[in-house]
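The values are calculated or read from the model by the stated rules, or taken from the named source; none is laboratory data. Everything numeric here is computed off the predicted structure, so don't read it as measured data. Reconstructed Cβ throughout: ideal geometry from the backbone, glycine too, with neighbour counts over all protein chains shown. With ligands, DNA and RNA removed, areas are computed over all heavy atoms of the protein, side chains included. Shrake-Rupley method; radii C 1.70, N 1.55, O 1.52, S 1.80 Å.
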Amino acid sequence: MPFTSQGFSAVRVPLRSRLLRRSSPGEILRQIEGGGESRGLCRPVFSDLQVPSELRAAAEHQGSEELQQHRRRPGGGRASWSNNPAADGFAPAEAAVAAAAASLAPVDIETGDKKEVAVENGGCNGIGVQIDGLRDEKPYSFLNSDGSVAVHAGERLGRGIVTDAITTPVVNTSAYFFKTTAELIDFKEKRHASFEYGRYGNPTTVVAEEKISALEGAESTLLMASGMCASTVLLLALVPAGGHIVTTTDCYRKTRIFIETILPKMGIKATVIDPADIGALESALDKNNITLFFTESPTNPFLRCVDIELVSKLCHDKGTLVCIDGTFATPLNQKALALGADIVLHSATKFIGGHNDVLAGCISGSEKLITTVRNLHHILGGALNPNAAYLIIRGMKTLHLRVQQQNSTALRMAEILEAHPKVKRVYYPGLPSHPEHHIAKRQMTGFGGVVSFEVDGDLLTTAKFVDSLKIPYIAPSFGGCESIVDQPAIMSYWYSPSLHVFTFSMVLENTTKI
């Protein structure tokens, strides 16, 4: 009898052989006569297994009394927690086999241009970990806050994995199978929704992508192995050889290195401007055929803010795409796509993951643009491990709570530092002294969990200050559940020793204790 449940077709033989090898004759007979359900198994596992006369005799000899007690249990020997409804009495093996065969009667279905036979209602009443079709659109209008979206989007209305589990399962596989050649052809011609190979997609990862898309208001999201993977693949996919981009003076150092040293090998030029210099952007757009304006907002490490709505209008008038790295803002504090950007990028390692235990990066935008990047990503690799995708999903459940606390803690700390006589300057968009405070107030609902500041002193003085801190860790990164202090001159900008600014990642501790 054919098996069509993906879960059971894979385990049918080893499961049966394991039970036959390890069970007593009486246990085996009970499993067969009970359809395998007294151990929570699905009837199809044993539906075509005949009962040898020797086995029945051995069972009656070794465990007849035990078998009679088993049959007298409520539900005819089926465990009370079984997914399958209990029948009156206890059917003999022949009746169980006949019932299983009837429930799995073949039906004709259309598959593309060819009719094929499939089995209806196979497996544990549809319960299993299987692909169940990937829908193009899901209405999240009933989720009326970013907090609810972060918790439920991608899961509450169904997902590409059939299971009763509240949490999304981790699908650890490198490849996916097709039952027939016709099904494979249907998949290739987009009449059948499934996956093919681990580098091209994973059901667990899709849930995380849908959750981020819902938060950003994006048509599509692509998760990759790290934030830098997302940045570099995006630039390679969207900027043609011989193209021209505009970026800003303040940005993550590794991104700058890629733009200034790797892209020129493909003839790609870069114009670098101050984040607030709108005139310089207009000049670059007028004089050059700019493909992409790529910047962070807020920037790293000085937390400069770009007027996203204004630069998007200027760039779009010239046919230029706009990508905003919103890692420092998070999707809760800033909606870059709603402000006019074409793509928003995040290092999901930071606030989105939120626990300092996963590396990931993502880009969100229109289906057309993300598909362009996705096609190159499938070639280059850098696929996110499904276990990492699960950690992203887990982290996003508390994203709104963490970000609210981080916003509050960071603002209070910025105010304390700004009032301290030994602090030369504080960089935080929530302070009126910040050069783009007026922009941040207009386009952000919170100012983030990172504060940058300068201590009044040399490198030795700043090192003494860092070493005297009790709670924060000296480490790179930010956005997790631990407070972190980072002196970029020694950490991220080792080759720029004159940079005496600190980045202080505020998280869940009370400001009076930090």
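Taking the range 289-327 as the range and being open to solvent by 10 Å² or more (accessible area, probe 1.4 Å) and without any contact (Cβ under 8 Å) to a residue 40 or more places away in the chain as the test, the residues that pass are LEU310, LYS313, LEU314, HIS316, ASP317, LYS318, GLY319. Among residues of the range 263-288 being assigned to a loop (DSSP other than H, G, I, E, B) and small (Gly, Ala, Ser), the one that is surrounded by the most Cβ atoms within 10 Å (Cβ to Cβ) is ALA276. Would you be able to say whether some residue in the range 249-260 is over 21 Å from LEU431 (Cα atoms), in contact with an Asp or Glu (Cβ under 6 Å, 6 or more places away or on another chain) and either open to solvent by 30 Å² or more (accessible area, probe 1.4 Å) or modelled with pLDDT under 95 (or both)? Within the range 249-260, one or more residues are over 21 Å from LEU431 (Cα atoms), in contact with an Asp or Glu (Cβ under 6 Å, 6 or more places away or on another chain) and either open to solvent by 30 Å² or more (accessible area, probe 1.4 Å) or modelled with pLDDT under 95 (or both). Remark: pairs (first residue in the range 193-207, closer than 22 Å to ALA182 by Cα; second residue open to solvent by 30 Å² or more (accessible area, probe 1.4 Å) and in a loop (DSSP other than H, G, I, E, B); Cβ separation under 7 Å; 6+ apart in sequence or on different chains) = ALA193/LEU134; SER194/TYR176; PHE195/TYR176; GLU196/TYR176; GLY198/THR173; GLY198/SER174; GLY198/ALA383. Is it true that some residue in the range 159-168 is surrounded by 14 or more Cβ atoms within 10 Å (Cβ to Cβ), under 24 Å from LEU401 (Cα atoms), assigned by the TED database to the domain that holds SER220 and at pLDDT 85 or above? The answer is yes; a qualifying residue exists.
Within the range 169-192, being among the hydrophobic types (A, V, I, L, M, F, W, C) and crowded, with 16+ Cβ neighbours inside 10 Å holds for VAL170, VAL171, ALA182, ILE185, PHE187. Selection of helices (runs of 4 or more DSSP H) fully inside the range 365-447 by the criterion of at least 2 residues being in contact with a strand residue (DSSP E or B) (Cβ under 9 Å, 6 or more places away or on another chain), open to solvent by less than 10 Å² (accessible area, probe 1.4 Å) and in contact (Cβ under 8 Å) with a residue 40 or more places away in the chain returns 367-380, 386-396, 399-418.
Quick grid of which residues meet (1) at pLDDT 95 or above; (2) more than 30 Å from GLN487 (Cα to Cα):
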site	(1), (2)
MET266	yes, yes
VAL272	yes, no
PHE293	yes, no
ASN300	no, no
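Out of all the residues in the range 249-269, is one or more touching a Phe, Trp or Tyr at 6+ places or on another chain (Cβ under 8 Å), farther than 27 Å from ALA338 by Cβ and among the charged types (D, E, K, R)? Checked against the condition, which is being touching a Phe, Trp or Tyr at 6+ places or on another chain (Cβ under 8 Å), farther than 27 Å from ALA338 by Cβ and among the charged types (D, E, K, R), the range 249-269 yields at least one hit. Among the residues of the range 344-363, those identified as within 18 Å of GLU209 (Cβ to Cβ), surrounded by fewer than 24 Cβ atoms within 10 Å (Cβ to Cβ) and not charged (D, E, K, R) are VAL358, LEU359. For the criterion of being at pLDDT below 85 and either over 21 Å from ILE352 (Cα atoms) or more than 29 Å from the chain's Cα centre (by Cα) (or both), VAL501 passes. Within the range 202-224, being under 26 Å from THR163 (Cβ atoms) and either surrounded by fewer than 19 Cβ atoms within 10 Å (Cβ to Cβ) or hydroxyl-bearing (Ser, Thr, Tyr) (or both) holds for THR204, THR205, SER213, SER220, THR221.
Count of the range 173-231 residues, restricted to those that are closer than 20 Å to ILE379 by Cβ, under 12 Å from the mean Cα position of the chain (by Cα) and acidic (Asp, Glu), is 1.
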